[in-house]
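Q: Here it is, the structure in full.
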Amino acid sequence: MQIKESIHIAVPPKVVDQIWSEVDRWHLWDPDTKQARLNGPFAVGTHGRIVPSKGMGIPLLVTERTAGRSFTVEGHIPLFRIHFEHTVAAVNGGSEVVHRVWFTGALAFLFGPGVARQVRDGLPRTMLSLKAYAEKRNETLHDGEAGRADATTA
């Protein structure tokens, strides 16, 4: 079972990737995340913890990272893993962002359907929130650059 959502965001991929790399700020754009942290760099093999807005925190592991393009994290409880894959690509003057979620482990048949329902409900909202956050952030960056340029030419 795999859940997939995609969205076009009117910012360059590097903006999306920068937002993703700020793990302790995920809660600012992901309404289903109360808190997230890594115990080291945003790189393969780094462990951390994620606390969903509803429920208990779970251990987190970065299992794939390609700067500027993708990352995958895995949350786990005994005998159940939830994988979150995130990709970004330059498309039509912005970015095509795709989030995929799937489950593995001996208890995936038991926990998967309930968690999948929650993910299916929340993922579209998360993608819209990421879009709004990234576009506002990019606009603020460009406004700041324009303001600095105006100040230096005055």
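Q: Could you tell me whether segment 103-115 includes any residue that is surrounded by fewer than 18 Cβ atoms within 10 Å (Cβ to Cβ), part of a strand (DSSP E or B) and either polar (S, T, N, Q) or modelled with pLDDT under 95 (or both)? Outline the logic, then answer.
A: Here is the first cut: in segment 103-115, the residues surrounded by fewer than 18 Cβ atoms within 10 Å (Cβ to Cβ) are 104-107, 109-111, 113-114.
Then drop every residue that is not part of a strand (DSSP E or B), which leaves 104.
Imposing the further condition that a residue be either polar (S, T, N, Q) or modelled with pLDDT under 95 (or both) reduces the set to 104.
Checked segment 103-115: at least one residue is surrounded by fewer than 18 Cβ atoms within 10 Å (Cβ to Cβ), part of a strand (DSSP E or B) and either polar (S, T, N, Q) or modelled with pLDDT under 95 (or both).
Q: A follow-up question, please. Of these, 87, 126, which one is modelled with pLDDT of 85 or more, assigned to a helix (DSSP H, G or I) and under 19 Å from residue 16 (Cα atoms)? Walk me through it before giving the result.
A: Details: 87 fails: assigned to a helix (DSSP H, G or I).
Only one candidate qualifies: 126.
Q: Pairs please, first residue from segment 22-44 and in contact (Cβ under 8 Å) with a residue 40 or more places away in the chain, second anywhere and surrounded by 13 or more Cβ atoms within 10 Å (Cβ to Cβ) and not hydroxyl-bearing (Ser, Thr, Tyr), Cβ atoms under 7 Å, 6+ apart in sequence or on different chains.
A: Listed by first residue and then by second, the contacts come to 29/19; 29/130; 31/125; 32/52; 32/122.
Q: Could you give me the residue pairs with C-beta distances under 8 Å whose first residue belongs to segment 107-128 and is among the basic types (Lys, Arg), whose second residue is assigned to a loop (DSSP other than H, G, I, E, B) wherever it lies, and which are 6+ apart or on separate chains?
A: From segment 107-128, the pairs are 125/31; 125/32.
Q: Additional query: Residues in segment 94-120 that are more than 26 Å from residue 11 (Cβ to Cβ) and not hydrophobic (A, V, I, L, M, F, W, C): how many? First the steps, then the outcome.
A: So the first thing to find is which residues in segment 94-120 are more than 26 Å from residue 11 (Cβ to Cβ), and the list is 102-118.
In the following step, the residues that additionally are not hydrophobic (A, V, I, L, M, F, W, C) were identified as 104-105, 112-114, 117-118.
Qualifying residue count, segment 94-120: 7.
Q: Just one of (1) in contact with a strand residue (DSSP E or B) (Cβ under 7 Å, 6 or more places away or on another chain); (2) of a type outside the set (Gly, Ala, Ser); (3) closer than 20 Å to residue 125 by Cα; (4) surrounded by fewer than 16 Cβ atoms within 10 Å (Cβ to Cβ) trips up residue 87, so point out which.
A: Evaluating residue 87 over (1) in contact with a strand residue (DSSP E or B) (Cβ under 7 Å, 6 or more places away or on another chain); (2) of a type outside the set (Gly, Ala, Ser); (3) closer than 20 Å to residue 125 by Cα; (4) surrounded by fewer than 16 Cβ atoms within 10 Å (Cβ to Cβ) leaves (4) as the failure.
The values are calculated or read from the model by the stated rules, or taken from the named source; none is laboratory data. For clarity, every value in this text was computed on a predicted model and none was experimentally measured. Reconstructed Cβ throughout: ideal geometry from the backbone, glycine too, with neighbour counts over all protein chains shown.
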